[in-house]
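Presented below is the structure to which this report refers.
The values are calculated or read from the model by the stated rules, or taken from the named source; none is laboratory data. Values in this document were obtained by computation on a predicted structure and should not be read as measured data. Don't worry about glycine lacking a Cβ; one is built from the backbone with ideal geometry, like all the others, and counts go over all protein chains shown. With ligands, DNA and RNA removed, areas are computed over all heavy atoms of the protein, side chains included. Shrake-Rupley method; radii C 1.70, N 1.55, O 1.52, S 1.80 Å.
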4 protein chains.
Amino acid sequence: MLGAHGRMGRTVCEAVDAAPDLELVARLDAGDDVASLTSDAVDVAVDFTVPGATEANVHALVDAGIHAVVGTTGWTDESRTSVREHLGRAGGDVGVLLAPNFGLSAVLAMRFAAQAARYFESVEVIELHHPEKVDAPSGTARHTAAAIAAARAEAGLGAAPDATEAGWDARGADVDGVRVHAVRLRGLVAHEEILLGNPGEQLVIRQDSFDRASFMPGVLLGIREVVRRPGLTVGLENVLELG
Amino acid sequence: MLGAHGRMGRTVCEAVDAAPDLELVARLDAGDDVASLTSDAVDVAVDFTVPGATEANVHALVDAGIHAVVGTTGWTDESRTSVREHLGRAGGDVGVLLAPNFGLSAVLAMRFAAQAARYFESVEVIELHHPEKVDAPSGTARHTAAAIAAARAEAGLGAAPDATEAGWDARGADVDGVRVHAVRLRGLVAHEEILLGNPGEQLVIRQDSFDRASFMPGVLLGIREVVRRPGLTVGLENVLELG
Amino acid sequence: MLGAHGRMGRTVCEAVDAAPDLELVARLDAGDDVASLTSDAVDVAVDFTVPGATEANVHALVDAGIHAVVGTTGWTDESRTSVREHLGRAGGDVGVLLAPNFGLSAVLAMRFAAQAARYFESVEVIELHHPEKVDAPSGTARHTAAAIAAARAEAGLGAAPDATEAGWDARGADVDGVRVHAVRLRGLVAHEEILLGNPGEQLVIRQDSFDRASFMPGVLLGIREVVRRPGLTVGLENVLELG
Amino acid sequence: MLGAHGRMGRTVCEAVDAAPDLELVARLDAGDDVASLTSDAVDVAVDFTVPGATEANVHALVDAGIHAVVGTTGWTDESRTSVREHLGRAGGDVGVLLAPNFGLSAVLAMRFAAQAARYFESVEVIELHHPEKVDAPSGTARHTAAAIAAARAEAGLGAAPDATEAGWDARGADVDGVRVHAVRLRGLVAHEEILLGNPGEQLVIRQDSFDRASFMPGVLLGIREVVRRPGLTVGLENVLELG
């Protein structure tokens, strides 16, 4: 575990300890040398460090032949390309999984919404968070709306029907043509609801993240799956079996 | 029934016909003379006509000593005052019920939200309608938010917590300091959801109006209650027994 | 359209009339001869007739080289096999689509629930219908629970955690090990909610069918897709593109 | 604070410490002598102890002239009567508030459901809890259903419509004629949903208790209100101002 003393790191350590098929062999944090890890001792490293450290960590892990599961944010297109090229040069079967979101319910909600989008005339997104959140709408809601918009465009759908003439400030943000509403409420943590409508019917996909523990099933799944997926994988949805 | 040939009028006629304790004695529409009705033949008149006719109808009914249940919109403070004074001069036990909304679920949702508001740190309103609606947020949602805001002010509550720095367009309309979001979705009719939050808990009050039939229980209740309430009553909530 | 005078038939005729890419060329009902139809005049026949007639209709359509979209219930394994063999003997590119449910939201909810099931510790199903429904739980809810149970078994999941010692009558029906609850409420039509839970997170998939119009997008989709799918297809989900 | 070292006790101490208008003057637990408290030093005592101790505690507090807010369970009709008589004999203005549930959202949901019940043809209750819960349905859901049933009976309503012929095991438990469904799902804590239906409309009242912190606003409210309510008050709903 890299970033073992952070809040996510400690939670991951507990989850790995509790998993019968996994063994926690090392806890590193700032100041520790990732290059000291070897593929003899370590199969998979999990990185929840900081944006300034994660990229160097991953390159060191690839050099050592250790698979990596990365939840740290701050990755750019360039840094992803750099890892992809490094993996190509290394030529082995090392896998790296970069996942901005390890919440299974969030990842599945996003994917199902995108799959369903082409079959519905209307769609809107509501995200609900605790009131300390400074940005709106949430990154997850933006991603969801963008994926929905792409699916609708691909299917040749135009804009959803909307006769609004007055009161646009109540109609939410426009993300690629999809309306996204942000609710801030004491007591909530992180939630998303996608509403899809046709004449006489509605499909609602809702996900609730109540606490940090919710990311653990996704992290454990990533650890188990990354060893079977050489190269770079971006997004937890790409290690799910949804056939 | 005044306005008996309109969509609401026909639905009311059917509902009254189906009610074992009520009898439908007359159906009037544009061109018919309201003054022809007498309190010997008619106990209660229901008015779903048009803004240009409803005020004159009500005055004629008061003159005839007939109770009135009015769902027609367009009433101003002045026209309400005029009816109240007329009832005072008439001096009898005639009752007039003016109700902008006969949906029991909508009226109750609004009232419960206002009652609960003083006990929660956060509150937001989401209204959801069919995509042909031209204004946002809905009148019902505006009323609900205003009633919530008044209750919070009376209880000495300040603004709900909100750390939003960027993305205000996703945060809905501001109605007296309460955030109101409007969703437009094919398949929906008229729905409202009030979310109230405290640390570790949430209260959600939701109402769904699926079709015009939903107003009938409220209209029948109004007919049965108006005969026991001399003078002017504004709002169906004021004939409900919520003790 | 076969069964053109029934409630579903009339609604389908209206929907086809309103679709710019489709033309309604014949309306048949009881007494009309399906064998009079020819593939010169008719591309696709839609059958919403009765269990006693639908199987003969489909065989006649296959003989005539006309694609068929069938929403009539009452099909057995034997009658499906018979059609499959007939199509095989005929050897052309005729497609037959048998779909017990044309509601896109219902079909998608069922499929998403089955896909997600392997990733969650807990899952339960709630179906909600109008109070005139005589059977519980609904066929759709049974199918959903069975599909969920199959997916869990395939993934090696055991029973969902449940410490209930007293009060089993409140815990719903057991369908292949999945708890299914049936709500009956005036005002509702047909709705289903699947709740999936992991530590700290929940995924909810809900679908609402508000009226018969809700089946039309699915019927039109079936008409457009059946011409590209020779042989027998069972279930609308199998003509959806969910890649 | 009596029971200051228990989980609820510690949470209450933190909440009182954080409230600007309240001061925490003593923390007692098993072994400490309640009789050592005096009304000079203490205005209000909060009791989250154990069923075997709470009744004696309350009598000692009444003797000392100290108001009491009690969340401990195990109170019988007899023990409540005994406290009521003791308060009568004491003759002062001491108030005792016994509350089985300090969750404002739960208490309000129950009360609103009972108030609305007389105006709807159908009503059902769904409670949702974590899968470690051993009894079903929950005490809160039973109370809610009983209050709904009493309100319906008082208003002269008969049974809700229900044509169910087969599948009663899916229809939930019968509590005074009201159907109550219990869902057990990993990730959830304690939630209740009351669905009320009329032709064409639905009212849903839902409450979510996400963690123990959710009881604190109710406890603080009880502390502030009990000093103004001499005698015994049972139920937090009776100190709410819902006018």
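How far is the Cα center of the range C:2-35 from the Cα center of the range C:75-141, in Å? So the separation of the two Cα centres works out to 23 Å. For the options D:V70, D:V219, D:V42, a Gaussian network treatment of chain D with springs between C-alpha atoms closer than 10 Å singles out D:V42 as fluctuating the most.
Starting from one equal scatterer on each C-alpha and no solvent at all, send me the Debye-based log10 I(q)/I(0) for chain B at q = 0.16 Å⁻¹, two decimals. Ignoring solvent entirely, the Cα scatterers give -1.15. Largest first, the extents of the alpha carbon coordinates of the range B:1-63 on the three principal axes equal 30, 27, 15 Å. Dipole check for the protein assembly as shown: with +1 at the C-beta of Lys and Arg, -1 at the C-beta of Asp and Glu, and the Cα centre as origin, the magnitude is about 0 Debye. Annotation for the A:B interface, with buried accessible surface near 3100 Å², both sides summed [1.4 Å probe; non-protein components not counted].
For the residues of C:122-128, the average number of beta carbons from a partner chain within 10 Å of their own beta carbon is 4.
Once you reduce the range A:146-163 and the range D:206-243 to the center of their Cα atoms, the two points are 48 Å from each other.
Shielding value for B:96-108 is 3, the average number of Cβ atoms from other chains within 10 Å of each residue's Cβ. For chain B, set up a GNM with springs between Cα atoms under 10 Å and report which of B:D63, B:D93, B:D32 has the largest fluctuation. Residue with maximal mean-square fluctuation among B:D63, B:D93, B:D32: B:D32.
With each run of n ≥ 4 DSSP H residues scored as -39500 (n - 2.57), what mean residue ellipticity at 222 nm is computed for chain D after dividing by its residue count and rounding to the nearest 500 deg cm²/dmol? Spell out each step's value before the answer.
Numbers: 6 runs with 81 residues, N = 243.
Mean residue ellipticity at 222 nm (helix-derived): -10500 deg cm²/dmol.
Per-residue Karplus couplings for the range A:219-232, computed as 6.51 cos²θ - 1.76 cosθ + 1.60 with θ equal to phi - 60°, are listed in order as 5, 4, 4, x, 4, 6, 8, 5, 6, 9, 10, x, x, 8 Hz, Gly and Pro entered as x. Take every Cα pair under 8 Å whose residues are at least 6 apart in sequence, average their separation, divide by the length of chain A, and the relative contact order is 24 percent.
Dipole magnitude for chain A: about 220 debye, using +1 per Lys or Arg Cβ and -1 per Asp or Glu Cβ, origin at the Cα centre. Couplings 3J(HN,Hα) for the range A:163-179, derived from phi with the Karplus relation 6.51 cos²θ - 1.76 cosθ + 1.60 (θ = phi - 60°), are 8, 3, 10, 9, x, 4, 5, 8, 8, x, 7, 9, 10, 6, x, 9, 6 Hz, where x marks Gly and Pro. For the range B:195-204, putting each phi into the Karplus relation 6.51 cos²θ - 1.76 cosθ + 1.60 with θ = phi - 60° gives couplings of 10, 10, x, 10, x, x, 8, 9, 10, 10 Hz, in residue order, rounded to whole numbers and with x for Gly and Pro. Accessible-area loss of 30 Å² or more (1.4 Å probe, protein heavy atoms, chain alone versus all protein chains) is found in the range B:184-202 for B:R184, B:L185, B:R186, B:G187, B:L188, B:L195, B:N198, B:P199, B:G200, B:E201, B:Q202. Surface composition of the protein assembly as shown: carbon plus sulfur atoms contribute 49% of the solvent-accessible area (1.4 Å probe, protein chains only, all chains present). Restricting the range B:1-80 to GluC sites (Glu not before Pro) that sit in a DSSP loop and have at most 15 other Cβ atoms within 10 Å of their own Cβ leaves B:E23. Rolling a 1.4 Å probe over the heavy atoms of the protein chains gives the protein assembly as shown an accessible area of 39 Å² per residue. Of the trypsin sites (Lys or Arg not before Pro) found in the range D:193-243, those in coil by DSSP whose Cβ has at most 15 other Cβ atoms within 10 Å are D:R228. Is the range B:104-210 best put as rounded, prolate or oblate by its Cα gyration tensor, with a ≥ b ≥ c the root eigenvalues, rounded for a/c under 1.5, and otherwise prolate when a/b is larger than b/c, oblate when not? Taking the square roots of the gyration eigenvalues as a ≥ b ≥ c, the range B:104-210 is oblate.
Near B:L28, the amide H atoms lying under 5 Å from its own belong to B:L2, B:G3, B:A4; only residues 5 or more places off or on other chains count, and H is placed 1.01 Å from N. Annotation for the range B:107-160: GluC sites (Glu not before Pro) lying in DSSP loop with at most 16 further Cβ atoms inside 10 Å of their Cβ are B:E132. Taken about its Cα centre, the range D:104-210 carries a charge dipole of roughly 260 debye when the Cβ of each Lys and Arg holds +1 and the Cβ of each Asp and Glu holds -1.
When chain B is treated as a GNM with alpha-carbon contacts under 10 Å, the residue of B:P217, B:P51, B:P20 showing the greatest mean-square fluctuation is B:P20. In terms of its C-alpha gyration tensor, the range D:155-209 has an oblate overall shape, because the principal axis ratio a/c (a ≥ b ≥ c, square roots of the eigenvalues) is not below 1.5 and a/b does not outweigh b/c. Here, P(r) means the percent of Cα pairs in each 10 Å bin from 0 to the largest distance; for the protein assembly as shown it is 2, 10, 17, 21, 21, 16, 9, 4, 1, 0.
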